[in-house]
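Since every read-out is calculated from the coordinates, none of them should be taken as a lab result. Since the model is a prediction, treat every value here as computed from it, not as a measurement. Glycine also receives a Cβ, built like all others from the backbone with ideal geometry; neighbour counts cover every protein chain displayed.
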């Protein structure tokens, strides 16, 4: 037995304390240092996953320094995930583009072309038969409405003393300037100011230095408005001296877009009156003509809201549809081109289709859409954006997603897409088309398919000689005015992109054609999906196009809602109304009936239709309604002798129109027709000041004659009864 010696012997040191046990698995469970850890040392029944986990754990415990890199690995992973750091070695994952986000119309055209060329069927598209219903509801005439009466009487009593001069600067293209002019007339009338002929602001995009008199008939404009708004060509010399003969020195109002008339009353009018009164001397008053002030509003585009009072709306209508007439050179050439188009389309009764195509370079660049032009197209568009908008599209943080833009229906239709759409809607290759547009981008490439589909396509350059177009060549607004004239008188108008041109034209056509715009407005979101569908056949594509055209037909008659543009929706503000005092009319015997009623119509359906029709018969004592029929048709007939009162007419609302349509559908009815004798209010499809009472022995309403205010036609699309 040995004992430790407390006194160390020579040459020996004090023994060290025992070492701490190691945490390695090889020293656990009483194992010796020489025994190695192996997977075989685990108890039986362990799976491969457990063995791998134990192996990984042993490595980590044996090399504990690796834990120092864990935070660094975590941070690097997060940066890579968020996209802050990227490496070229990271593989690029290509996602399949969403349907409708890629321009594949040329491939679709090649696929559908054989069937399209073989399809000789025609949907009688140029005739443009209007489906659904047409029911004109009378109201008060704008000239005798509560707010418009004063302005109407001013034509007889004379205008009051002017509060001063209003000077506006109209910017933009032809129809944006037109908006400014009409709004300026309305504001000047509301403020009782004298309007100075608007100045057209030169824009780098339009590059048209034309003045008011170059585009519009200035003298006609002034004379047409003389009973409502004073308009002058220039202000007196003494006022020009006050501003050093420079109207830019005039106090300028920075009016916000879509300002209400209340703003002009509360803010602009006091300033106008203040300027007027500031010229009064202390001892005596100068002549009133010497005290007029001048105010300037620049820019003036869209500076008046659409929900204005009737009196203000009336002035807008008066300016747009009566006072603004194109200058004689533009008007003469435009009417000549209309005549030539009708002569070319004599085989179609002089009817032609006009298409407003927006595929100019600036439009393609502004849309930020991608077509099939490759690198050259990309280079051209970058240069055009920088030329026209100087950095607007390259601002930091701005992201452009061409696919999303196309899916949202914001890309301009190419000529090829327009051709496919029109052929699908039933316009055959013999249809005469007038193309209204500027210089088409890469026209040689993009126009070729459209010319193949419609060989009778014409432009103003084809219809007019070089000498005739020479005075207008370098003036975009004057050229647009010629296009406007030809499109206005076409049987069908097709718009392919939003903008002021189609909006004004639709409204003008509604006034011209009794309330219907006769316009095709395609659903471009749906078109994007159809054009990008490689599996669609011609019959399916055509069915979609006919449905789209039918929907566009149904939207031809639309009443203006509070915030809608009065220039696109002139009904009812700019169209006929009658005063309450003239609403009692002696119609004598009155009859209304429904034609083409189905033999299978139930008794309850015809009874319901009878009750609905009684709302447009005379009075409850007017003899009632009788329903009878023969082998082919049933009729609902209302007879009676009484007066049609204004109160009964005021009860006819949009809800009644829908009820009548539903009742007619239930019996398979096709048309509601009315016949009268007696005194009838007739509007000859012109603004209200031309409305007058005419006497006719008998008036029968049908799809081609719908001038009578109180009665109209309800036509049901036969396809809806299937």
Give the peptides 360-371, 257-268 in descending order of average Cβ contacts within 10 Å, highest first.
360-371, 257-268
When N counts the residues of segment 466-511, how does its alpha-carbon radius of gyration compare numerically with 2.2 N^0.38 Å, as a ratio?
1.27
Stretched fully, the stretch from residue 392 through residue 346 gains (0.36 nm per residue minus C-alpha distance, one decimal, in nm) 11.7 nm
Starting with the fewest neighbours, write out 492, 232 ranked by other beta-carbon atoms found within 10 Å of each beta-carbon.
232, 492
Stretch gain in nm, segment residue 66-residue 256, where the contour uses 0.36 nm per residue and the Cα spacing is subtracted:
61.9 nm
For segment 537-579, what is the convex hull volume of the alpha-carbon atoms per residue, in Å³?
87
I need the semi-axes of the equivalent ellipsoid of segment 159-323: take the C-alpha gyration tensor, multiply each eigenvalue by 5, square-root it, list largest first in whole angstrom.
25, 18, 16
Label model pair residue 331, residue 380: point-to-point distance (7 angstrom along the Cα→beta-carbon line) in nm is 3.9
Between residue 442 and residue 307, what length in nm is gained on full extension when 0.36 nm per residue of separation is reduced by their alpha carbon distance?
44.4 nm
Between segment 434-505 and segment 344-413, the alpha-carbon center distance in angstrom
16
